[in-house]
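I have placed the structure first, in the form of structure tokens, so that the comments after it can refer back to it.
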Amino acid sequence: MAAMMNACAMPSVSAVAGRVASSKANGVGATVRAAPIRVSSGLRVTAAATSAPASRGVRMSAASKTSASASAFTAASAFSAAVKQASARRSPAGRGAVKCNASGDAPAASADVGSSNNPIKKFFAKYPVAETVMYFAVWYYLNIQFNILNKQIYNYFPYPWFVSAIHLAVGLLIMTFFWTTKLVPFEKPDGPFLKAVTLPAFLHAFGHCLTNVSFATVAVSFTHTIKTLEPVFTAIGSFMVYGTVYAWPVYAALIPIMGGVAIASATELSFTWLGFSTAMASNVAFSARAIFSKNLMKKMSPLNLYNFVTIISLLFCIPFVFLFEGSTLAAGIAKAVELKGAEEFVWILLKVGAYYHLYNQVAYQALGKVEPVTHAVGNVGKRIFVIGFSILAFGNKISTQTLIGSAIAVAGAFLYGVLKAKYADQTKTLKRE
């Protein structure tokens, strides 16, 4: 920044030209001579300087005036070129620094010039709604692809703890690419941040693994129906940790969620206690993660926060893999390779990991484009699409009662998001002694 200020502080071409024009306007002949001007970069520049002649009453001839004006113009041009050269040295466009223009006007970001020529950015700037729709469409697409491919893997490779670790490991590769190419600016964490993010990262790892255990055990549609209960645990946890009390209509909206899940579970054909309990436990873990990571949003951008949570979560996931699946994992991998082939099996694991990381990243970007209530409604819409497409993809039989219960639970989640935003000004925090 100091370099930019020094470059901007240099005298402008208009100031030099003004002094030359002023000496000409006085009606007094002037002799032009070269005078050095020292620029802040250490470059010596020759500029025009004027001195009055010994005899005041003598006027210059037309040819002399023309020669003086030409010399002044040449000197001013040389000074302009030097200013631009010094400014370019001080603030190269490759670093996205701010440049000074020749007339000393306000600086302009060089990145803006490049973005103004980008047709996609120009289109989204003109139609911001189209950008929001694009984010939601990509979010839904990636999420549906992840859920379908993930379930297909479990049909012949039932190792959810290992696959969960692969999801996070692929995410590590993707975020490394984004940081290296500067598509996502890297934010260096400090010691207190890493200490504070450890608990949310553990909860993320545990919740993610438990969700995948449920995916591997019961129908994808049923797991997502159970996961509509997450706001219930978030409301309870927020009160226990922070003393947060919502308006009564917000709590009332939780009733259809709980009732819908109960109705759907009663006649779910794929029901197992392992699938149900792990999905419920993942709700507790993700609710706690949201509560304890609330203050971390103020210390780092959401994308970088998610990236660091992913890294630490991977470290927590690895011991779970050896604890729950270590004894049979090698045999499971050999069977999957025999069935699919080594190259295809590795490619499928990489692809499902990419879907997982990218749909979460796009979800964060979508959140930055809309209000929280719109994002909450969009999340409910995502569950509807996932439930619907998973039933079509796998041909799962679903009873009428389960269908009604799922619809009630999803509608309750939608109502909860709307009412929580509507009565946000009535939310209170109880003081604890």
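Residue separation times 0.36 nm, minus the C-alpha to C-alpha distance between ALA330 and TRP347: what's the value? Display every interim value, and only then the final one.
Details: separation 17, 0.36 × 17 = 6.12 nm, distance 1.80 nm.
Result for the pair: 4.3 nm of gain on full extension.
By per-residue mean of other Cβ atoms within 10 Å, what is the highest-first order of 233-244, 404-415?
Details: 233-244: 15.8, 404-415: 21.7.
Put in order of decreasing packing, that is 404-415, 233-244.
May I ask you to give the percent of accessible area on the range 175-320 that is carbon plus sulfur, with a probe radius of 1.4 Å? Each step should come with its number before you reach the end.
Details: 4730 of 6210 Å².
Whole-percent figure for carbon plus sulfur exposure: 76.
Is the C-alpha gyration tensor of the range 172-313 telling us rounded, prolate or oblate? Criteria: a/c under 1.5 is rounded; beyond that, a/b larger than b/c is prolate, otherwise oblate. Mind dumping the intermediate values first?
Working: a/c = 2.62, a/b = 1.52, b/c = 1.73.
Because a/c hits 1.5 or more and a/b fails to exceed b/c, the range 172-313 counts as oblate.
Test of understanding: what is the full-extension gain from LEU199 to GLN426, defined as 0.36 nm times their sequence separation minus their Cα-Cα distance?
Result: 78.8 nm gained on full extension.
Set the Förster radius R0 to 25 Å, insert the Cβ-Cβ distance between THR132 and LYS188 as r into 1/(1 + (r/R0)^6), and round the FRET efficiency to 0.05.
Using R0 = 25 Å, I get an efficiency of 0.20.
Would you please put 378-385, 162-169, 321-328 in order of how densely packed they are, using the mean number of other Cβ atoms within 10 angstrom per residue and starting with the highest? Provide the component values of the computation, followed by the final result.
Numbers: 378-385: 17.9, 162-169: 23.6, 321-328: 13.6.
Put in order of decreasing packing, that is 162-169, 378-385, 321-328.
Describe numerically, in nm with one decimal, the distance between label points set 7 Å from Cα along Cα→Cβ at LEU339 and at TYR141.
2.9
With all protein chains present, how much of the accessible area of the range 337-433 (probe radius 1.4 Å) comes from carbon and sulfur, to the nearest whole percent?
62
Along Cα→Cβ, 7 Å out, is where each label goes; now give me the distance between the ones at LYS299 and LEU392 in nm to one decimal.
Roughly 4.4 nm, to one decimal.
Between VAL245 and residues 5 or more places away or on another chain, which pairs have amide H atoms under 5 Å apart, with H built 1.01 Å from N, and which residues are they?
Excluding prolines and chain starts, which carry no amide H, the hits are LYS428, THR429, LEU430.
May I ask you to derive the FRET efficiency for GLN152 and LYS121 from their Cβ-Cβ distance with R0 = 30 Å, giving the value to the nearest 0.05?
0.25
Could you do me a favour and compute the accessible area per residue for the range 301-433, 1.4 Å probe, result in Å²?
Dividing the accessible area of the range 301-433 by its residue count gives 56 Å².
When you count, for each residue, the other Cβ atoms within 10 Å and take the mean per peptide, how do 418-428, 179-189, 207-217, 263-273 rank with the highest first?
Ranked by mean Cβ neighbours within 10 Å, highest first: 207-217, 263-273, 418-428, 179-189.
The values are calculated or read from the model by the stated rules, or taken from the named source; none is laboratory data. All figures in this text were calculated on a predicted structure; none of them were measured in a lab. Neighbour counts run over all protein chains shown; Cβ positions are idealised from the backbone, glycine included. Heavy atoms of the whole protein, side chains included, go into the accessibility calculation; ligands, DNA and RNA do not. Shrake-Rupley method; radii C 1.70, N 1.55, O 1.52, S 1.80 Å.
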